[in-house]
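This report concerns only the one structure given below.
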Amino acid sequence: MDEQIPSENNPLPTQPDTSAGNTIPIPGDSPSVNKTRSIPLPIKILLFLLIGLIAFAIFAYFTRNTTPEGTLDTEFKTSTEPVKVTENLREDWINYKNTKYKFTFDYPGEGKVDVQDEESDDVKVYRTVITGERQTEPVTEDTTLVDGYMFKVSVTPGVIKPNLAELTNRKILNLKQTCPAIHSTSAVTNTVIDTIAAKTFTVTNCEVDYLINFVDYSGSVYEIALIYKGDFGYKQSYIQNARDILDSFHFLDKPIVVDEGSEYKVYQLDDRILDFEFEYPSRLSECCIVPGPVYEIHETLVTFADEAAYKDTDGKRFDGVGVFQFRNQGQQTFTDYINMQKKTLQDDYRIIKGYGNPNAKEEKVMFGKVQGVLLSGYAWWGDMAYFQISGNNDIIALSMVEASTGSFKEEFDRMLGSFRFDISGY
């Protein structure tokens, strides 16, 4: 039967009640020995849970207040300074600006920018490294990164007419020779870095993982690499943070876009050589990849496109325009250049379409007050327009692509007529 517990209002009887056949067991033989009372099971469970909660709270407190390892200083040594942790890391990010090679990017405040740009260096390297708790040694090379991520810009100045496809393939070949056999490399694809056309690919299991981009801009080749390594969960955070740095990357001498109302905006380019501006439809965004000249190597200055249509059709049907520069190092004449453009564009047309275009035509066109050439029907994607810069004989090419026949023609013609120049000789 149930055991009776003594209380002030219900004391146990001094003698066992045997009238109903009930007995109260008493341990021991001596009636002077008191009975030991056990703790009920529910109370034991509650005490156990309470102790567990207290232990968990203490652990969580010390874990939360433990600061992660610092990052590397400019001498590739691990910083011992505490890291300020906030909910929004963007508030603590720092801007790095390189006026010599004209680029800038933002990086987390716990990082520092390491510089290797001696005059004797063929390639100038600028990097920021953010390390995790498991990184106990300085990151002297890419492959010595154990826990964390790196954003690295390698600049090779003075490269004339670089072939990004060849550079990318050589980089992949070099990695194949140094990476373990288990590494894998993605296909090379086109991308855009700060509106400039670029090549990109990824490498995994090469001691670390890479996302590498090659950009040709303003006479230099920029290799922009994201490098990361870490346990699952941490690694995903490292990748996202490195991509955030890449998203902030910007060329300092990029032109300024001035808003000119709801229908058109003004694009200005002023770098002492290319000193002009033109209007473009405000419905277009500075984005996307627009096909350009197929003859000679051209630098992409800017591309505008209907971004929504570009994404919806996977870049197959959209209104857009690209502006390209041909650095005329060989001093070929404008006429010879145009003739080669016509031939190579028609060859490309036949390869893509399977037939030529007998209705292709060349006509004069005005870029503001400067005369140029418009090629209609030569390129399989749309019209091409060209003019030559008076000061140094470089050639500017505009490539127009349409979502449907005539959908962008009127706006493109207005763009050509809106060009304004402020260069001696015009």
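A few notes on this one:
- Residue, nearest to I396 (Cα to Cα), within the stretch 291-324, restricted to residues that are of a type in the set (V, I, T) and under 20 Å from the mean Cα position of the chain (by Cα): T300
- Taking residues in the stretch 344-355 that are within 15 Å of P291 (Cα to Cα), and partners anywhere that are surrounded by fewer than 10 Cβ atoms within 10 Å (Cβ to Cβ), the pairs with Cβ atoms closer than 9 Å and at least 6 places apart or on different chains are Y349/Y355.
- Flag if S154 is touching an Asp or Glu at 6+ places or on another chain (Cβ under 8 Å) and either hydroxyl-bearing (S, T, Y) or not in a loop (DSSP other than H, G, I, E, B) (or both): yes
- Any chance F278 is in the same structural domain as E363 (by TED's automatic domain parsing) and touching an Asp or Glu at 6+ places or on another chain (Cβ under 7 Å): no
- Boolean, R127 is surrounded by 10 or more Cβ atoms within 10 Å (Cβ to Cβ) and modelled with pLDDT of 70 or more: yes
- Test: residue in the stretch 289-297 that is at pLDDT below 90 and either in contact with a Phe, Trp or Tyr (Cβ under 7 Å, 6 or more places away or on another chain) or more than 22 Å from L164 (Cβ to Cβ) (or both): yes
- In the stretch 302-314, residue nearest to Y217 (Cα to Cα) [restricted to those that are buried (at least 21 other Cβ atoms within 10 Å of the Cβ) and not β-branched (V, I, T)]: F304
- Exactly one residue among F408, F367 is within 35 Å of the chain's Cα centre (by Cα) and not basic (K, R), and that residue is F408.
The values are calculated or read from the model by the stated rules, or taken from the named source; none is laboratory data. No experiment lies behind these values; they were computed from the predicted model shown. Cβ sites come from the backbone with ideal geometry, for glycine too, and all protein chains shown count toward neighbours.
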